[in-house]
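Have a look at the structure below, then the notes.
The values are calculated or read from the model by the stated rules, or taken from the named source; none is laboratory data. Because the structure is a prediction, the values reported are computed rather than measured. Counting neighbours? That spans all protein chains shown, and the Cβs are built from the backbone with ideal geometry, glycine included.
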Amino acid sequence: MLKTHSCGELRLENIGEEVTLAGWVNRSRDMGGVIFIDLRDRNGKTQVVVNSGDVPQSFELAQQVRSEYVLQVKGTVQKRPEGLDNPKLETGEIEVMVSEVNVLNPAKTPPFLIDRDEVVDESLRLKYRYLDLRRERMQRNLIIRHKAIKFIRDYLDERDFLEIETPILFKSTPEGARDYLVPSRVHPGKFYALPQSPQQLKQLLMVGGYERYFQIARCFRDEDLRADRQPEFTQLDMEMSFVERDDILDLIEGLVLGMVEHTSLVPAASDSIPRLSYAEAMARFGTDRPDIRYGLELVDLSDIAGASAFKVFTSNVAAGHPVKAICVPGCGDYSRKQIDELEKIAKDNGAKGLAWMALNPDSGEMRGFITKFFTVEQLIALTERLDAKPGDLLLFASDKKNVVAAVLGALRDEFGYRLGYKDKKELAFTWVIDFPLFEEDMEEGHWAPSHHMFTAPKREHIDLLDSDPGQVLSEQYDLVCNGYEVAGGSIRIHERPLQRKIMELIGFSIEEAKDQFGHMLEAFEYGAPPHGGIAPGIDRLVALMAGEPNIREVMAFPKTAQATDLMSDSPSFVAERQLNDLHIKLAEPQKK
Ligand code: ASP
């Protein structure tokens, strides 16, 4: 080894020891006759002292050393002189008096400062990711990630799970996104698909009798990218046989809360995870991934508003649609311009407009165009139900149920940021259960699965598959934290006829089903055990535990929001010869 100790481990008890350290120059200060260098590696920093009188040759070398040079230093550990301790450093009570300095490699001036936590343009960080990875923040995050994954492995190993790898070159497994395809050289015109998740394979492992499987699995989805999505990401993929829903929820609750306790910088909000039905989540929070760190809940006012003289409300209520509102504390003095901004959010989420009322902070008097359509009694009833106080702002939505949820859910989210509720440093987990089996709106005359097509309907709802599929609830469950879906899973279908029936409702012909999923349907005929599973997203969980707003901050080499790697400049063109090998002709000219 080129070092005897890391740069983070020497303490008072090492005083007098001869040591060798190696690392990067974090900073160097020439005090005339003495040079102080902070030497850094991923374990920390140690101050080394080069004295011109003691080691003139090394001193000369040290004078030429700049930030990010790679050095090896030999020397003796000594206590820092009285009053010169640095309490900010774990090694701050000692320093190393240098006997020899070796420059292992010089360095160009980096494009940004490594040793300071200042804001650097993200594209520059991604282009020089190997330098960005040297910064404390990234090292802290990747250490948390490592610890989290280690905790997961230990926890599951103790509970008799086997870690089993599944192929990356496989066949399309739909999870609702586009596949990444890999052309086959040996089978012209044929393609592998990169797994959107190992869903089919883990179910087949259950048919294979493995009973408890997990994998830290890479998943690939070619989706329209949003700021917090990545084309490839990591899941803890799991499956268990002979279980019911609550077995999985209990196991994951212990896993997630244990992992947070052991590795998270942000504490869990409680020591158990509450359960909400999908219907309740939508009714109270307007979303199936509620941030429950704050209230601001949606309140149903259909009865009061339906009896008012405001046409929009009364006609909607007559048509069976709800009128709901949220009461935003302290925003009753919003100006017309501020309300217009809110109206834009409402319209972006499907509303035709935004009805509002504001309570004067002193008098409690109410303003807002719609107020005049309500009697005094109705206004009192409404403010009572909303628990509205002087100074509050009331925002209404009335439309189809899902539009009302989307509009008020988005406004609730907006005020979560504006009023600082989302700054609260805690991880508020909740389960969402009892999802509908299918999405509300049919696509091209077919039902779309709300999770995926392998999710089992609730036993007691199977009859409804023929009469009223939209009413069927499923065995799906999602784990939500601070407004993010951090895991999704379900009890699966394990009988061929039921699986075939669901495929039919989704719009697969017999031929299509056999062509794409024949192996699954066949496997179900050979004694498939009842089974279920879940897949927590590692990237999001680690980001939450590290207090990071973005999953890119917890991935070593993430892609940009446009799915590019700025460091290696990928995706990139390939040579004509490679395309020929793969029997591919580009429709677009390869180069301009
Ligand atoms: N394969 C699912 C997903 O990636 C998770 C699961 O059902 O286990 O969302």
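Here are the numbers:
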| quantity | calculated |
| --- | --- |
| For Glu460: the one exception among (1) away from the ligand (no atom under 11 Å from the Cβ); (2) of a type outside the set (S, T, N, Q); (3) in a loop (DSSP other than H, G, I, E, B) | (3) |
| Residue match in the range 493-506 (condition: within 15 Å of the ligand (Cβ to nearest atom) and in a helix (DSSP H, G or I)) | yes |
| Residue match in the range 484-492 (condition: within 16 Å of the ligand (Cβ to nearest atom), buried (at least 22 other Cβ atoms within 10 Å of the Cβ) and of a type in the set (D, E, K, R)) | yes |
| Residue identified as in contact (Cβ under 8 Å) with a residue 40 or more places away in the chain and over 12 Å from Glu95 (Cα atoms) among Leu21, Leu2 | Leu2 |
| Among (1) of a type outside the set (A, V, I, L, M); (2) exposed (fewer than 15 other Cβ atoms within 10 Å of the Cβ); (3) modelled with pLDDT under 95 - the single one Arg500 does not satisfy | (2) |
| Extreme residue, surrounded by the fewest Cβ atoms within 10 Å (Cβ to Cβ), among residues of the range 349-391 that are under 18 Å from Asp300 (Cβ atoms) and without any contact (Cβ under 8 Å) to a residue 12 or more places away in the chain | Glu384 |
| Qualifying residues in the range 155-176 (those that are out of contact with any Pro (no Cβ under 6 Å at 6 or more places or on another chain) and of a type in the set (Ser, Thr, Tyr)) - the one farthest from Pro198 (Cα to Cα) | Tyr155 |
| Search result, residues across the range 324-348 that are of a type outside the set (Gly, Ala, Ser), in contact (Cβ under 8 Å) with a residue 60 or more places away in the chain and assigned to a loop (DSSP other than H, G, I, E, B) | Pro329, Cys331 |
| Entirely in the range 131-234, the strands (runs of 3 or more DSSP E) that have 2 or more residues that are within 16 Å of the ligand (Cβ to nearest atom) | 212-220 |
| Any hit, the range 253-265, residues being more than 16 Å from the ligand (Cβ to nearest atom), within 30 Å of Lys389 (Cα to Cα) and either aliphatic (A, V, I, L, M) or without any contact (Cβ under 8 Å) to a residue 60 or more places away in the chain (or both) | no |
| Residue list for the range 469-490, filter: over 23 Å from His531 (Cβ atoms) and within 16 Å of the chain's Cα centre (by Cα) | Val480, Cys481, Asn482, Gly483, Tyr484 |
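Condition check ((1) within 16 Å of the ligand (Cβ to nearest atom); (2) without any contact (Cβ under 8 Å) to a residue 24 or more places away in the chain; (3) within 30 Å of Tyr334 (Cα to Cα); (4) outside any helix (DSSP H, G or I)) across all residues:
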residue: Leu395; (1), (2), (3), (4): no, no, yes, yes
residue: Ala406; (1), (2), (3), (4): no, no, yes, no
residue: Gly409; (1), (2), (3), (4): no, no, yes, no
residue: Arg412; (1), (2), (3), (4): no, no, yes, no
residue: Gly416; (1), (2), (3), (4): no, no, yes, no
residue: Lys422; (1), (2), (3), (4): no, no, yes, no
residue: Val432; (1), (2), (3), (4): yes, no, no, yes
residue: Asp441; (1), (2), (3), (4): no, yes, no, yes
residue: Met453; (1), (2), (3), (4): yes, no, no, yes
